[in-house]
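Report on one structure; see the data block that follows.
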Amino acid sequence: MANLKEIRTRIVSVNSTMQITSAMKMVSAAKLKRAQDAITRMRPYAEKLKDILENASASVGVEGSIYSQQREEKNVWVVVVTSNRGLCGGFNNNVIKEARRVVAQHAHAKVQILGMGKKGADFFRKTANWTEAMNPAPNAIFDRLSFEHASEIAENIIQAFAEGKVDKVVVVYNRFKNAAVQVVTAEQLLPVLPPSTAGASSSVDYIFEPAKEQIVAELIPRSLKVQLYKALLDSFASEHGARMTAMHKATDNAGELVKGLKLTYNKARQAAITGEILEIVAGAEALNG
Amino acid sequence: MQIEIITPDTTLYAGEATYVFLPGSDGSLGVMNNHAPLISSLKKGTLRVKDNAGKELNFEVNGGTVEVLNNKVVVLAE
């Protein structure tokens with residue numbers, strides 16, 4: 001029979017764990033709301049930019065742009081977007097798994113990892129694809145997630161591509177579908193895939209100032225920045241969604257555990273009392289007899 | 001006409017306006033009602049919006065793009 005005191009201690013400890021997990025769930029729910037708002041706020045910008053780019057490139061095409069140059073894949077960068085903190089289920093592992101698949105796919109090239117978020121960085125730091133020089137501060141991006149910060153990073157990537165230091169850039173991140181569902185996605189950032197011109201309202205005769213080609217050349221880097229920023233925002237929202245789900249499950253499990261422990265505790269208590277009564281009765285009987 | 005000033009982080013302004021002054025990269029441009037469809041890039045400068053009440057609003061932009069179509073001005077600012 002389990003010791004009564006032992007069970008009592010376990011109940012207390014499971015209860016306090018439950019308090020922590022349910023508090024973390026609440027915090028994540030609040031942060032998720034904020035992250036989702038940020039995505040919603042960015043959406044009109046992203047959509048309009050896509051519109052304009054489609055309209056402008058309808059006749060010019062982006063093929064001439066340096067950013068859509070298809071080169072032999074000698075240097076490939078993989079941007080791995082994970083979270084800074086754990087306790088969010090399979091969130092980070094899924095991204096790392098996908099990133100490793102992408103790395104394996106490009107075995108013919110020199111693959112470098114650009115880590116966004118601590119967890120992915122911690123994993124890839126031990127591999128040959130990691131150079132400290134390229135990742136000065138992998139944690140910093142999620143400490144202050146802003147468009148300026150994201151566009152700084154995108155700027156560096158774009159410049160490296162233009163200078164020929166890298167021939168292909170892939171982003172691996174968790175796309176946010178809803179609070180419970182994240183989709184691991186590998187997206188090609190560079191070279192730019194030609195935008196679909198299907199949605200272009202080509203019937204409108206725009207005045208372009210300066211020339212169309214110049215506008216397209218200016219818009220492509222901007223849309224890349226937006227694409228990266230969107231990946232970061234999506235990942236951030238996904239992280240909190242994943243943590244919310246994970247913590248919800250943990251709280252439920254802790255509840256089950258406490259229920260089971262309480263049952264065992266009460267059974268043990270009852271057995272002890274029964275035992276005591278039997279002893280007393282037996283003692284009394286012995287005196288009378 | 002309608003004007004919207006959008007940045008990646010937020011919508012700065014959305015509403016009616018009678019006149020918009022933009023720092024176009026090929027020279028400043030003013031947009032009034034019934035302007036022809038236009039797509040232009042912007043350089044760093046001040047964007048001035050005169051709303052229906054005649055009040056003037058100023059926005060600093062670091063560059064961006066503007067689209068004018070059917071009396072709707074959309075500024076993608078940075």
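Could you derive backbone 3J(HN,Hα) for region A:236-242 from the dihedral phi with the Karplus parameters 6.51, -1.76 and 1.60 (θ = phi - 60°), listing whole Hz in sequence and x where the residue is Gly or Pro?
Taking θ as phi minus 60°, the curve returns 5, 5, 4, 4, 6, x, 5 Hz for region A:236-242.
Across chain A, where is the longest run that never hits trypsin sites (Lys or Arg not before Pro) in a DSSP loop with at most 10 other C-beta atoms within 10 Å? Don't skip to the end; give the middle numbers.
Details: sites that count: A:LYS126, A:ARG144.
That would be A:145-289.
Under a cut-off of 18 Å between alpha-carbon atoms, report the lysines in cross-link reach of A:LYS168, not counting same-chain residues fewer than 8 places apart.
Hits, sequence-local ones excluded: A:LYS74, A:LYS110, A:LYS225.
Using amide H atoms built in the peptide plane, which far-off residues or other-chain residues are under 5 Å from B:LEU29 H to H?
Correct list: B:LEU22, B:GLY24.
Please list, or write none, the lysines whose alpha carbon is within less than 18 Å of the alpha carbon of B:LYS72, excluding same-chain residues fewer than 8 places away.
The reachable lysines, counting only those whose Cα sits under 18 Å from B:LYS72, are A:LYS48, A:LYS50, B:LYS50.
Determine the equivalent ellipsoid of the protein assembly as shown by diagonalising the alpha-carbon gyration tensor, then write out the semi-axes as square roots of 5 times the eigenvalues, largest first, rounded to whole Å.
Those come to 59, 27, 15 Å.
Once label points are set 7 Å from the Cα along Cα→Cβ at both A:LYS126 and A:GLU213, what is their separation, rounded to one decimal in nm?
For the pair A:LYS126/A:GLU213, the computed spacing is 5.2 nm.
In whole angstrom, note down how far apart the Cα centers of region A:27-102 and region A:111-163 are.
When both Cα centres are located, 14 Å separates them.
State, to one decimal in nm, how far the label point of A:THR185 lies from the label point of A:HIS149, with both points 7 Å from Cα in the Cβ direction.
Once both label points are built, they end up 2.1 nm from each other.
How would chain B be classified by its alpha-carbon gyration tensor: rounded, prolate or oblate, with rounded meaning a/c under 1.5 and the a/b versus b/c comparison settling the rest? Let's see the in-between values first.
On the way: a/c = 1.37, a/b = 1.15, b/c = 1.18.
Rounded.
If you count, for every residue in B:38-45, the Cβ atoms of partner chains within 10 Å of its Cβ, what is the mean?
Mean inter-chain Cβ contacts per residue within 10 Å come to 4.
At A:ALA268 and A:LYS249, where each label point lies 7 Å from the Cα along Cα→Cβ, what is the point-to-point distance in nanometres?
For the pair A:ALA268/A:LYS249, the computed spacing is 2.9 nm.
Could you list log10 I(q)/I(0) for region A:143-194 at q = 0.15, 0.27, 0.31 Å⁻¹, which the Debye formula gives when each Cα is one point scatterer?
Reported log10 I(q)/I(0), two decimals: -0.56, -1.06, -1.10.
Under the Karplus relation 6.51 cos²θ - 1.76 cosθ + 1.60, θ = phi - 60°, what is the ordered set of whole-Hz ³J(HN,Hα) values for region B:61-66, x standing for Gly and Pro?
10, 9, x, x, 9, 10
Taken together, the values in this text are just the output of simple stated rules run on the coordinates, not laboratory data. On a predicted model such as this, the values are computed, not experimentally measured, just so you know. Every residue, glycine as well, gets a Cβ built from its backbone with ideal geometry; the counts of neighbours run over all protein chains shown.
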